[in-house]
Structures are given as C-alpha cells and as structure tokens.
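The values are calculated or read from the model by the stated rules, or taken from the named source; none is laboratory data. This one's a predicted model, so the numbers in the text were calculated from it and none came from an experiment. Quick reminder, even Gly has a Cβ in these numbers, built from the backbone with ideal geometry, and neighbours come from all protein chains shown.
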Amino acid sequence: MTHTSAPSERVSPLGMRHALAGFATGIAVVAAEIDGEVVGLSANSFTSVSLNPPLVSVAFSDTSTTWPQLRRATRWGISILGETQTGLLQDLRRPSTERFDRIAMDVVDDAAFVRGALARLTVELDTEIPAGDHVLSLLRVLDLHRDDEQRPLVFFGSNSHRLAE
C-alpha cells in the first residue's frame with residue numbers, strides 16, 4: 001500500500017467550491033408560504049439520508065437571510081426541477097423578496113412547490129446540526145410525488161445541464 005502525504009496547502013473556500021463543482025447534483029427548491037408570501041431558495045446540497053424513517057437533508061448557509069424565515073414554517077415543500085425548468089434558475093437568483101414573483105407555485109398546507117416540478121416532497125424539520133458555516137437540516141418526508149415522464153435538470157461545473165440521451 002502506498003501512502004501519500006496530505007496537501008501542504010490549506011483548503012480554501014474557493015478551492016472547495018471549485019472541486020465540488022465537479023460533483024453533479026440535481027437542483028431542489030425548498031419553499032414554504034409564510035404570512036401569505038412564498039419564501040424559499042434553491043439548494044444543490046439536497047440529498048437522501050434514510051428510507052426508514054424517510055429522511056432527506058439540506059444544508060443552509062449561516063449567512064442566509066432566507067433560512068431564518070423558512071425555519072418559522074412547520075412544513076416545507078421541496079421541488080426537484082426537471083430539465084424543462086432551466087429558465088427558472090435566473091428567477092431563483094433574484095433577491096428573496098422578488099424570487100418567486102414570476103414562478104408559478106402551488107401551496108399545500110404551507111408547503112410551497114414549483115408547479116410542474118419533476119418531484120415534490122412535503123417535509124418537516126426533524127433535526128438541526130451545526131456544520132461549519134452551515135446548518136445541516138434533517139427533514140422528515142411526510143408526502144411525495146414523482147413525474148416519471150420528466151428528466152432531471154443537473155447542476156455541474158456551476159451551470160445547469162441536461163442529461164444526454
């Protein structure tokens with residue numbers, strides 16, 4: 001067995017971001033209706049955690065202004081975007097007060113979903129774990145639906161892509 005020494009350079013946030021941009025993910029939108037307004041954000045840190053009990057996770061930045069608002073909701077909607085929803089990405093980058101102005105949303109019991117998403121999960125907060133400059137949120141899945149006719153929108157290299165046929 002060959003052992004190599006650890007890199008001598010510190011791992012910078014920029015270097016970390018660049019390296020992890022090489023890991024393809026889907027694009028999820030986490031949203032809820034709070035005081036009559038849809039509040040939410042896109043997240044590529046979304047991942048499956050457990051099938052029994054059904055748990056998923058999302059990591060929220062400590063500097064996020066949306067996360068404290070979302071935390072007020074008892075239920076959230078997670079929408080997994082399909083490849084035809086690339087146009088929504090520019091809107092999701094808008095300031096939080098304008099983010100959902102041009103995005104068609106459906107609200108069910110305060111959980112907000114992007115209309116026409118590939119998959120929808122209704123979740124509630126199970127556990128929060130401080131994790132560096134983020135909070136890792138474990139979310140219990142209460143309900144879900146997937147449109148088997150759609151293909152996913154993929155995030156890779158800091159850009160969205162479609163899967164090749």
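Values for this structure:
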item	result
Residue in the range 100-115 that is under 20 Å from Phe155 (Cβ atoms), in contact with an Asp or Glu (Cβ under 7 Å, 6 or more places away or on another chain) and at pLDDT 95 or above present	yes
Enumeration of residues in the range 19-54 that are at pLDDT 90 or above and over 23 Å from Val107 (Cβ atoms)	Thr47, Ser48, Val49, Ser50, Leu51, Asn52, Pro53
Counted residues, the range 107-133 - those being outside any loop (DSSP other than H, G, I, E, B) and surrounded by 15 or more Cβ atoms within 10 Å (Cβ to Cβ)	11
Total residues in the range 41-71, condition free of Cβ contacts under 8 Å to residues at least 40 places away in the same chain, under 20 Å from Glu98 (Cα atoms) and surrounded by fewer than 13 Cβ atoms within 10 Å (Cβ to Cβ)	2
Any hit, the range 143-157, residues being more than 18 Å from Ala32 (Cβ to Cβ), of a type in the set (S, T, N, Q) and touching a strand residue (DSSP E or B) at 6+ places or on another chain (Cβ under 6 Å)	yes
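To keep it simple, each residue is scored yes or no on (1) of a type in the set (Ser, Thr, Tyr); (2) within 16 Å of the chain's Cα centre (by Cα).
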residue: Arg71; (1), (2): no, yes
residue: Ile80; (1), (2): no, yes
residue: Glu83; (1), (2): no, yes
residue: Thr86; (1), (2): yes, yes
residue: Asp91; (1), (2): no, yes
residue: Pro95; (1), (2): no, no
residue: Phe100; (1), (2): no, yes
residue: Ala111; (1), (2): no, yes
residue: Ser137; (1), (2): yes, yes
